[in-house]
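Working notes, structure below.
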Amino acid sequence: MAPTDEHQVLFAGGVYELHGMLYPHQEKGAPGIVICHPLFEERKSAHRALVEAARAFCSAGFSVLRFDYRGCGNSHGTFRDFGLDDWAKDIRAAAGFLATQGGCPRIGLMGLRLGASLAFSAASSAGATFVVGWEPVIDGTSYFQQELRKKLMKQMMTYGENQDSRAALADAADRGEDIDFDGYALSPRLYRELTALDLRKTAHHAGLPVLLSAVTHNAKPSAILAEWTDLLRESSDNVDVHGFRLPPFWNLVGLTDCSELIAETITWLQKQKNPSTS
Amino acid sequence: MTDDTESRLKAMIVERLFMRIQPEELESDKSLVEDYDVDSVSLLELVVGLEEEFGIVVADDDFSVQHFESVARLAAFVRSKRNSA
């Protein structure tokens, strides 16, 4: 399955030049989807799955843009200079670019892990008409703690036991020091923004159609995703949750078959093409 | 000796790590890392599973390779945590 004309694009994200891959659909006026990548090592591990998703979405009738946030991938800037607020602005810039260059009258956002968190945070200001989140990070503090555990586990595998503690690493961050975060320098600013992230308190979707895809070992949403879903449903009856039994492909080196996840997402996306008839 | 903790652990490991074997095929004394290709990411999945399914808290100083060496070692670790809780 090859889209007709995928190609690299550059567009402005503030003063930075952002790099993207555009998958334009042939049909004029096709709706658009901005794919929001996760961050850190998850970005690399998820790359292939998101490329396959972009191509499949395009073949299903959407114009699609994948892009690198400022300081990430091929985009300009240095990673440690930025934070979540900057990357949410980049999503808005990407949506604007896709609307203009892709001729898309309506734009939706689709994100994985922290990319999903950013998508939900940026949805209203980006003018999105729907949002898809694959296993979104809902609580930044829990995410931070789990990432530090990953670091300790790697140390254990290398040295037989861990060399740090999460408390010591968090103390260093609280003192304003950079800490090594999965090979990335986590700045004090990004640490503050990450640990303040809580979609249960901040993400407003303004009644937009929302698809949440739980990717777990038993296809059941985690407790926190279920809790957030309930919160979203208090203000909207347009929140769907799908569960998939898949390994955490954003953490793995090898390839994972995400075809079912992608196909189910497309089935949901098709309903968003003509929302008045669904 | 296979006890209930070991059986539950084997079922959890096979399910959470998407192993293509039956739980009872997982040998208690074999190395999870050497014989079953369990890596650091998988071990973290196991830690989360231990906490969710056995109700224990795995502290940072529990991250010692001896606890995660085999199903038998892991079961001993779980029992010691539950006894000390």
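The numbers here are math on the coordinates, done by the rules we state, and not lab data. Bear in mind the structure is a predicted one, so any value in this text is a computation, not a measurement. Every residue, glycine as well, gets a Cβ built from its backbone with ideal geometry; the counts of neighbours run over all protein chains shown.
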**OP:** Take the alpha carbon atoms of the range A:1-56, find their center, do the same for the range B:10-35, and report the distance between the two centers in whole angstrom.
**Re:** 38 Å
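How high is the relative contact order of the range A:90-130, in percent, with contacts defined as C-alpha pairs under 8 Å that are six or more residues apart? Please report the intermediate quantities before stating the final value.
Numbers: 37 pairs, mean separation 19.6, N = 41.
Normalised by residue count, the contact order of the range A:90-130 is 48 percent.
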**OP:** Within the range B:1-45, report the GluC sites (Glu not before Pro) that DSSP leaves as loop and that have at most 16 other Cβ atoms within 10 Å.
**Re:** B:E27
**OP:** Kindly provide the Kirkwood hydrodynamic radius of chain A in Å, to one decimal, from all pairs of distinct alpha carbon atoms.
**Re:** 19.1 Å
Subject >> Radius 15 Å from Cβ of A:H76, net charge of other residues (Lys, Arg +1; Asp, Glu -1) >> reply: -2
**OP:** Starting from the Cα of A:A12, step 7 Å along the direction of its Cβ; do the same at A:A168; then give the gap between the two resulting points in nm.
**Re:** 4.7 nm
**OP:** Please give, to one decimal in nm, the separation of the simple spin-label points placed at B:E25 and A:A185, each 7 Å out from Cα toward the Cβ.
**Re:** 4.8 nm
**OP:** Specify which residue in the list A:G160, A:N251, A:V210 is farthest towards the positive end of the charge dipole of the range A:148-278, using unit charges on the beta carbon of Lys, Arg (+1) and Asp, Glu (-1), about the Cα centre.
**Re:** A:V210
**OP:** With runs of 4+ DSSP H residues as the only contributors, calculate the mean residue ellipticity of chain A at 222 nm using -39,500 (n - 2.57) per run, divided by the residue total and rounded to the nearest 500.
**Re:** -12500 deg cm²/dmol
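Semi-axes of the range A:141-196's equivalent ellipsoid from the Cα gyration tensor, sqrt of 5 times each eigenvalue, largest first, rounded to whole Å?
Details: eigenvalues 79, 23, 18 Å².
Semi-axes (√(5λ), whole Å): 20, 11, 9.
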Original post:
Quick one: if the Förster radius is 35 Å, what FRET efficiency do A:R80 and B:F18 give, using the C-beta to C-beta distance and rounding to 0.05?
Top reply: 0.50
Original post:
What net charge do the residues around A:G127 carry, taking every other residue with its C-beta under 11 Å from that of A:G127, with Lys and Arg at +1 and Asp and Glu at -1?
Top reply: +2
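Provide Rg over Rh for chain B; use the alpha carbon set for both Rg and the Kirkwood Rh (inverse mean inverse pair distance). Show your work: numbers first, answer last.
Numbers: Rg = 11.6 Å, Rh = 12.7 Å.
Ratio of gyration radius to Kirkwood radius: 0.91.
Remind me, relative contact order of chain A in percent, using alpha carbon pairs under 8 angstrom and six or more residues apart?
Details: 528 pairs, mean separation 49.1, N = 278.
Averaging sequence separation for qualifying contacts and normalising by length gives 18 percent for chain A.
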**OP:** At a Cα cut-off below 26 Å, give the lysines reachable from A:K89, other chains included and same-chain residues fewer than 8 away excluded.
**Re:** A:K44, A:K201, A:K273
Original post:
Can you list the aspartates and glutamates whose alpha carbon sits under 19 Å from that of A:K28, skipping same-chain ones fewer than 8 residues off?
Top reply: A:D5, A:E6
**OP:** Please give the residues of the range B:32-61, grouped as numeric ranges, whose backbone N is less than 13 Å from a label point set 7 Å along the Cα-to-Cβ vector of B:R8.
**Re:** B:49-57
Original post:
Could you give the distance between the Cα centres of the range A:64-97 and the range A:128-203, to the whole Å?
Top reply: 19 Å
**OP:** Hydropathy first: keep DSSP H helices in chain A averaging at least -1.0 on Kyte-Doolittle, then drop any whose Cα extent along the axis falls short of 20 Å, and list what survives.
**Re:** A:84-101, A:140-159, A:259-273
**OP:** For an R0 of 35 angstrom, estimate the FRET efficiency from the Cβ-Cβ distance between A:Q155 and A:E264 and round to the nearest 0.05.
**Re:** 0.40
Original post:
So for A:T202, A:T265, fewest C-beta neighbours within 10 Å to most, what's the order?
Top reply: A:T202, A:T265
Subject >> Area projected by the alpha carbon convex hull of the range A:41-135, averaged over all directions, nm² >> reply: 6.0 nm²
